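Each remark here refers to the structure printed beneath this line.
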Amino acid sequence: MNFIDDETTRGAGLTRFISHLIVISMLFILPEFIMNFTVPHRSAGVPWLFYLKSAVFIFVFYINYYFIIDRTLARRSGFWRFLVCNLIVLVAAILISRLIWDWFAQAPSPEQLAKRAANPAKYRLRLLTYILRDAVMIVLTVALAVALWFTDRWRALERRRKDLVAERRESELKNLKSQLNPHFLFNTLNSIYALIEMSPDEARDAVHRLSQLLRHVLYEDRDKVALSREVEFVRNYISLMELRLGSDRVETDIDIVGHENIQVAPLLFIVPVENAFKHGNTADRNDKISITVKATDNSVECLTVNRFRADTVVDKGGGIGIANLRRRLHLIYGDRASLSTIVSDDTYTARLTIYYK
C-alpha cells in the first residue's frame, strides 16, 4: 500500500513539475521566440542568449518552489529568512544574467564604443534600466513561485481533507452496520424463541429462513444493491414474522414493477419493518401491521404502520435502530432521502423515502 502511495505521489510530483515548466516556458521563452520572428533586428544578433537568460528566471522559480519557500514561509517566523534568501538569489541572478550577456554577446562595434565614450552617463542609465527590468522580472518570478506553491499546498490539503472525510464516513457507516446487524439478529432470535414452544416444526422452518436472511446480510455487504434484492429480503423477514403472528396479522403492499434494478443502499427498509414488529401490539389479534413499499420513476418509499398499547411509553425518535437509520441516510444520501416518524394516539407511522433522481 505504501509503495502504491509513493508511486502516486511521485507521479503527481512529476506532473506538477512538467505543468509548471510549461507555464514558465510560456512566460519567459515564448515571448522571446515570438520577438525573434517579428522583430528583424533581434534575429541578427544572438537570440539564444535570450533563451539562456530565460533559463535564469526558470532557475529562480524552481529554487524558490522546491527549496526556499518550503524552508522559510512554510515555517513560523520564516518571512525574514525568505526575504534574505531571495535577496541573495536576486543579486546572484542579476550577476549571472549580466555575465552571460557580457561573455556571449557580440562585441560592440567601434561606433557603439564611441557613443558610449561620448555619453557615459546615458550608457550607465541604460544599463541600470536593464538591471531594474531584470530585477522586476525576478521579483515577479518569485511571487509566481509563492502563489503556485501555496495553491498546490492548498489543493493537497483539500484532497487530504476530502480523503479523511471519506475515510471517516466509511468507518462510521461500517460502525452503524455493525450495530444494525446484531440489533436485527437479536429481534429475530427473540421471535424464534417465542415460536419454539408454540410449534417446533415452524421454529425449524424459521431457523432456515433466518439462515437465508443472514446469508443475504453477509452477501450484500456492499454500497448498493438492486431494489428487487432488498425487497426480497423484506419479504423473507415478513414471512418469518408471519410464522409467529399469522399471515392475517400483516397487511403487505409491495409494488416495484419496472424499477427492480434501481440501486439502493442495503439494509435500509428492514429497520422500520422490524421496528413495526418489535413495537407493534402483537398481543391483540385485532391489531394489524401495515407494510407498504412502492417505487416510482424518481423515488422509492417504505411506509410502516403499527398500533401499540396505550400504556406503552413510545420513543418518538424510534430507538437505536431508527437513530442509526437516520444517520446512515444522512451519510449516504444527504438531502436525497428522508425518514419521518409520527406517533398519533396509539398508532406509530414510519415513512422512509429515497430519491434516486
With a Förster distance of 25 angstrom and the Cβ-Cβ distance between residue 71 and residue 152, calculated FRET efficiency to the nearest 0.05 equals 0.95
Two pseudo-spin positions, 7 Å from Cα along C-beta at residue 196 and at residue 349, lie apart in nanometres by 3.9 nm
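Could you give the length gained on full extension between residue 287 and residue 130, defined as 0.36 nm per residue of separation minus the Cα-Cα distance, in nm?
Net length gain for the segment: 47.0 nm.
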Of every hundred units of 1.4 Å-probe accessible area on region 195-269, the number belonging to carbon and sulfur atoms, as a percent, is 47 percent
Checking region 239-290 for trypsin sites (Lys or Arg not before Pro) in a loop per DSSP with at most 15 other beta-carbon atoms within 10 Å yields 285
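Would you mind checking the pairs 224/288; 224/294; 278/357 and listing those with alpha carbons more than 26 angstrom apart? Please report the intermediate quantities before stating the final value.
Details: 224/288 32 Å; 224/294 18 Å; 278/357 33 Å.
In this structure, 224/288; 278/357 lie more than 26 Å apart at Cα.
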So, over other residues within a Cβ distance under 12 Å of residue 159, counting Lys, Arg +1 and Asp, Glu -1, the net charge is +2
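Rounded to the nearest whole Å², what accessible area per residue is found for region 211-304 with the 1.4 Å probe?
Counting only protein heavy atoms, the per-residue value for region 211-304 is 45 Å².
The values are calculated or read from the model by the stated rules, or taken from the named source; none is laboratory data. Please read all numbers here as calculations on a predicted model, not as lab measurements. Ideal geometry is used to build each Cβ from the backbone, glycine not excepted, and the neighbour counts take in all protein chains shown. Keep in mind that these areas ignore ligands, DNA and RNA; they rest on the heavy atoms of the full protein, side chains included. Shrake-Rupley method; radii C 1.70, N 1.55, O 1.52, S 1.80 Å.
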